[in-house]
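Comments concern the structure below.
The values are calculated or read from the model by the stated rules, or taken from the named source; none is laboratory data. Note that the coordinates shown come from a computational prediction; the quantities given were computed from them, not determined experimentally. Reconstructed Cβ throughout: ideal geometry from the backbone, glycine too, with neighbour counts over all protein chains shown. Only protein heavy atoms, including side chains, enter the accessible area calculation; ligands, DNA and RNA are left aside. Shrake-Rupley method; radii C 1.70, N 1.55, O 1.52, S 1.80 Å.
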Amino acid sequence: MMPGRPLACIVGPTASGKSAVAEQVALLISGEIVSIDAMQIYRSMDIGTAKVPPEQRLRPLHMVDVCAVDENYSVERFQAEARACIDALLAQGIPPVLCGGTGLYLNAVIDEMDFPSGYRGDERRARYEELARTEGAAYLHGELARRDPASAEAIHPNNVRRTIRALEMCDEGASYAASLTSLHRRAPHYPARIFGLDVPRDLLYRRIDRRVDEMFDAGLVGEVEQLASRGLSARTTAGQAIGYKEILKALSGAMTMDEARAAIKTNTRRYAKRQLSWFRHDERVTWIDMGDASVRSAAQRIAQEVEHAAL
RNA sequence: GGCUGGGUAGCUCAGUUGGUAGAGCAGGGGACUGAAAAUCCCUGUGUCGGGGGUUCGACUCCCUCCCCAGCCA
């Protein structure tokens, strides 16, 4: 890690203009952008993840296109790879500009968080999933309560996914509850200045609607069809991305393409809401109201604050 | 102009023999350590179209006006 200058981090809900601001910031401080996005990770998921096309990039963009769609990525892997990428930039004296909307990934990189490494048994997970199906969520949660009461306490019985993860951790001799460290007690891995782009809700939603329509115009359906032939499906992590899962469903005949389009819009709105609730609880975030700040002025302010903090 | 249906939460609609309303969707809030664009939790007060009347009390009955749809002229 580089003493002095903190990492510039640009976060916010989808469609708030993060990419544009990050590019301007990178331009101003001669930095390079490190994407913090769980779906832009995947190769060829371009239109639906609103990835900045290579020919339009003003500065190099990292941590994008590093995984195939039929492969499942993970936070643990992101933490290691993004940190390696950041360290390499710092070693060259290039300031990284982190930009993205995946809260967990951001924290995994800039904060001290341990994702105990070890073998992740897919067949064991399948067994737990089967148990949840046959015996019910309550049974599985009861099992967790028996083996690790503290974790069961921390996880709602309906949250099958977390319950399974906690059981897996038991199997590995770890504890979900014990690994949880509240945000304010976590030590930073990198000094960072986090900026959140805030857009008035109604404006944000109008932008989301417009952007979804633009994605369709740009050929999103064709992109999904192509990826489906390369292994993208509802069972893969990439196939759960908004924009992709709905179109996969429409392609299979489960809904019309118009219904898929509408579903993408509402799912994106909800996603934006979840992103806001994640970033709002982080007191380090400095919010910039994009309702009255231009991309340029926001970028100038960020660049200035990051450079000023270097003193 | 006449007849018939309708006008109840942002939308689609319920509403029992008159006791000032409730569902779905949308929306809002929140949680979050190996799938995170995922997963999960919490959340329903609105001039019951306007005005008048009957009544202890009207979304519910009566009158009148306005608006929408369909049919007839």
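Available extension along the chain between A:Glu259 and A:Leu203 is 17.9 nm, counting 0.36 nm per residue and deducting the alpha carbon span. In the context of the full protein assembly, A:Glu135 retains an accessible surface of approximately 100 Å², using a probe radius of 1.4 Å and ignoring ligands and nucleic acids.
Using alpha-carbon pairs under 8 Å, 6+ residues apart, how would you state the relative contact order of chain A in percent?
30 percent
Ignoring lysines fewer than eight residues from A:Lys273 along the same chain, the ones with Cα atoms less than 20 angstrom from its Cα are A:Lys18, A:Lys245, A:Lys265.
Using the beta-carbon distance between A:Glu123 and A:Gln240 and R0 = 22 Å, what value does 1/(1 + (r/R0)^6) give for FRET efficiency, to the nearest 0.05? The partial results should precede the final answer.
Numbers: r = 21 Å, r/R0 = 0.94.
So the FRET efficiency works out to roughly 0.60.
Taking only the alpha carbons of chain A, we obtain Rg and Dmax values of 20.3, 60 Å in that order. Approximating the spin labels as points 7 Å out from Cα along Cα→Cβ, the A:Arg280-to-A:Arg211 distance works out to 1.9 nm. The three principal axes of the Cα atoms in region A:81-142 give end-to-end lengths of 56, 24, 17 Å, sorted in falling order. Computed from the Cβ-Cβ distance with R0 of 45 Å, the FRET efficiency linking A:Thr266 to A:His308 stands at 0.65.
With Rg and the Kirkwood Rh both taken from Cα atoms, where does Rg over Rh land for region A:108-211?
Values: Rg = 18.5 Å, Rh = 16.5 Å.
Reported Rg/Rh, Kirkwood definition of Rh: 1.12.
In region A:72-134, which chymotrypsin sites (Phe, Trp or Tyr not before Pro) fall in coil by DSSP and have 13 or fewer other Cβ atoms within 10 Å? Those that pass, being in a loop and sparsely packed, are A:Tyr119. When the square roots of the Cα gyration tensor eigenvalues are ordered a ≥ b ≥ c, the ratio a/c for region A:2-122 is 1.5 or more and a/b does not exceed b/c, which makes its shape oblate. Solvent exposure of region A:1-139, expressed per residue, is 43 Å² of accessible area, with all protein chains present and a 1.4 angstrom probe.
Considering all different alpha carbon pairs of region A:1-69, the Kirkwood hydrodynamic radius works out to 12.9 Å. Extension gain for A:Asp289 to A:Ser229 (0.36 nm times residue separation, less C-alpha to C-alpha distance): 17.4 nm.
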